[in-house]
Amino acid sequence: MKKKFTFFYVLCFIIHFTFSQSIPSELIKSISFQKPNDNISNSTILSGLNEKFSISFDVLSGIEFDLYYVIEHCDFDWEKSQLLKSEYLSGFDEVKIENYSSSFNTYQIFTHYKINFPNSNTRFKKSGNYIIKILDEFGEELFSRKFIIYENLVSVNAEIKRSRKLEFINRKQVVNFEINPINFSINNPNRTVKVNIFKNNNLNNAVKGLKPQYNIGQKLVYRYDNESGFWGENEYLYFENKFIRNTNTKIKGFDLNDIYSNFLYSDYPRIDKKYTYNPDINGKFLINSSNSTEADYEADYVYVHFSLEKTKKIDNESKIYIVGDFNNYEIDENYKMKFNKNYNLFEAKIKLKQGFYNYKYIQVDQNKNTIYGAIDGNFDETENEYNIIVYYRDFGERYDRVIGKGKGLSEFITN
């Protein structure tokens with residue numbers, strides 16, 4: 001009897017341990033925002049106050065976990081705002097995610113989760129910066145993502161210029177823009193208006209805090225040079241593996257063990273080469289599978305093997321990472337490349353869902369600050385997309401509204 005009791009106790013402990021632990025971060029994959037009728041995935045999203053959008057992700061497990069979401073309203077600097085939840089949300093959050101599907105006909109078992117906004121529980125009442133946090137059933141945060149809700153109270157006209165400094169004229173891109181109110185009055189813009197400029201969906205490289213240089217009536221004019229300049233960098237690299245067992249111009253081979261692996265042809269640093277136009281989707285990605293109609297839960301996961309040739313300008317100990325929208329441009333050890341002295345290559349193996357991916361190699365310093373252009377150079381011709389977000393907090397208001405947005409494309413760059 002004592003042995004049976006001991007076995008039962010141990011079994012209960014194992015079950016409790018298995019199901020009470022937070023989900024490891026490496027099991028969370030393919031986090032993306034999307035808008036209706038747009039299959040391209042984004043690491044962040046800009047949405048109008050009443051527009052529809054969704055966030056989805058996969059958990060690489062056969063267990064259908066009970067997961068929840070909470071939403072925080074933030075100020076311009078992404079710190080939690082003074083607003084009560086009832087002031088910025090109609091309804092409530094801390095809601096269980098009911099829309100999920102188990103993978104079908106895949107080697108990698110996973111559960112696909114999706115949240116549509118607005119929904120019957122949650123609608124947005126205020127514009128501004130937001131953070132959504134996904135929690136497990138014990139209230140532990142699994143991950144978070146930033147997104148921006150805007151109002152159409154101003155228009156933003158942007159143009160991309162080359163730097164006025166000769167040393168940067170062929171390497172930098174400068175964002176100039178004007179803010180025009182639409183039936184909206186801006187009071188004391190030097191104190192009430194803030195802007196946020198970021199490139200290719202990457203909030204980590206934003207330029208903030210610029211003040212209008214002058215006004216023309218109600219129009220606010222920003223004609224900076226160095227202050228609103230970005231390194232041009234180079235076009236993104238790409239691969240497509242919707243045909244999981246095919247080779248193509250980017251994939252040289254595949255094999256199958258527990259799941260499939262795709263081996264990419266080695267990339268080479270482009271820093272010393274001339275700029276070559278290479279169409280891309282500015283860092284984004286698209287989940288797709290050739291033999292499925294529901295790629296969300298029928299596309300499989302694949303180990304993608306990346307390699308980068310070493311040159312004299314890249315030291316063996318260089319800290320090189322692979323980034324893109326697929327990993328929110330995070331400098332994370334899971335995406336760090338290791339040097340293989342036998343082949344003189346930097347190598348990395350990343351588990352990714354089938355589809356079309358943009359990616360780039362970046363080098364960072366000891367403080368994990370990006371050294372722009374260290375691998376692939378900086379070129380003023382590079383086609384980049386810039387977003388300009390306009391915030392407004394009038395006297396007496398308790399939060400930063402987003403009153404408009406604009407976009408600039410460097411393919412139309414001028415002197």
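Quick check: net charge around Lys336, other residues with Cβ under 13 Å of its Cβ, Lys/Arg +1 and Asp/Glu -1?
Details: positive: Lys319, Lys338, Lys349, Lys368; negative: Glu317, Glu330, Asp332, Glu333, Glu347.
Result for the neighbourhood of Lys336: -1.
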Inset, instruction - Note down the nm distance, to one decimal, between modelled labels 7 Å out along Cα→Cβ at Glu141 and at Asn215. - result: 3.9 nm
Legend entry - Compactness of segment 24-150, expressed as Rg and Dmax over alpha-carbon positions, Å: 14.7, 48
Inset, instruction - Please list 366-373, 94-101 highest first by mean number of surrounding beta-carbon atoms within 10 Å per residue. - result: 94-101, 366-373
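In nm, what is the difference between 0.36 nm times the number of residues separating Asn187 and Ile371 and their Cα-Cα distance?
Values: separation 184, 0.36 × 184 = 66.24 nm, distance 3.94 nm.
Full extension of this stretch gives 62.3 nm more.
Taking a threshold of 18 Å on the Cα-Cα distance, which of the pairs Lys242/Lys353; Lys250/Lys360; Lys341/Lys368; Lys133/Lys284; Lys242/Lys284 fall above it?
On the way: Lys242/Lys353 9 Å; Lys250/Lys360 14 Å; Lys341/Lys368 24 Å; Lys133/Lys284 22 Å; Lys242/Lys284 16 Å.
Checking Cα-Cα distances, Lys341/Lys368; Lys133/Lys284 exceed 18 Å.
So for each of 189-197, 402-410 I average, over its residues, the number of other beta carbons within 10 Å; can you give me the resulting order with the highest mean first? Kindly include the intermediate steps, with their values, before the conclusion.
Values: 189-197: 18.0, 402-410: 20.4.
So the peptides 189-197, 402-410, ranked by packing, come out 402-410, 189-197.
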Inset, instruction - Tell me what the chain gives for mean residue ellipticity at 222 nm when only DSSP H runs of n ≥ 4 count, each as -39,500 (n - 2.57), the sum divided by the residue total, rounded to 500 deg cm²/dmol. - result: -2000 deg cm²/dmol
Legend entry - Spin-label zone in segment 220-259 - amide nitrogen under 14 Å from a point set 7 Å from the Cα of Tyr277 along the C-beta vector: 235
Inset, instruction - Would you please report the Å³ per residue occupied by the convex hull of the alpha carbon atoms in segment 316-415? - result: 205 Å³
Inset, instruction - Give the Rg (one decimal place) followed by the Dmax (whole number) of segment 284-345, computed from C-alpha coordinates and expressed in Å. - result: 15.6, 47
Inset, instruction - Using per-residue counts of other Cβ atoms within 10 Å, averaged over each peptide, order 351-364, 303-316 from highest down. - result: 351-364, 303-316
Legend entry - Rounded to 5, the percent of DSSP beta bridges in segment 24-150 classed as antiparallel: 90 percent
Inset, instruction - At a temperature of 20 °C and a viscosity of 1.002 mPa s, determine how fast segment 216-315 diffuses translationally according to Stokes-Einstein, using the Kirkwood radius over alpha-carbon pairs as Rh; express D in µm²/s, rounded to the nearest whole number. - result: 123 µm²/s
Inset, instruction - With both partners inside segment 237-371, how many of the DSSP beta bridges are antiparallel, as a percent to the nearest 5? - result: 85 percent
Legend entry - Given (i) 31, 59, 10, 0; (ii) 23, 53, 21, 2, 0; (iii) 27, 57, 14, 2, 0, the label whose value is P(r) over Cα pairs in 20 Å bins from 0, in percent derived from this model: (ii)
Legend entry - Cut-off under 5 Å, modelled amide H: who pairs with Gly48 long-range: Tyr150
Legend entry - Long-range HN-HN contacts of Phe339 with modeled amide H, under 5 Å: Glu347
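Using only the C-alpha atoms of segment 237-371, find the volume of their convex hull and express it per residue in Å³.
125 Å³
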Legend entry - Surface/4 of the Cα convex hull for segment 124-266, nm²: 15.3 nm²
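Every number here is computed from the coordinates shown, using simple stated rules; none is lab data. In this text, all values refer to a predicted model and were calculated from it rather than measured experimentally. Methodologically, a virtual Cβ is constructed for each residue, glycine included, from the backbone with ideal geometry; neighbour enumeration extends over all protein chains shown.
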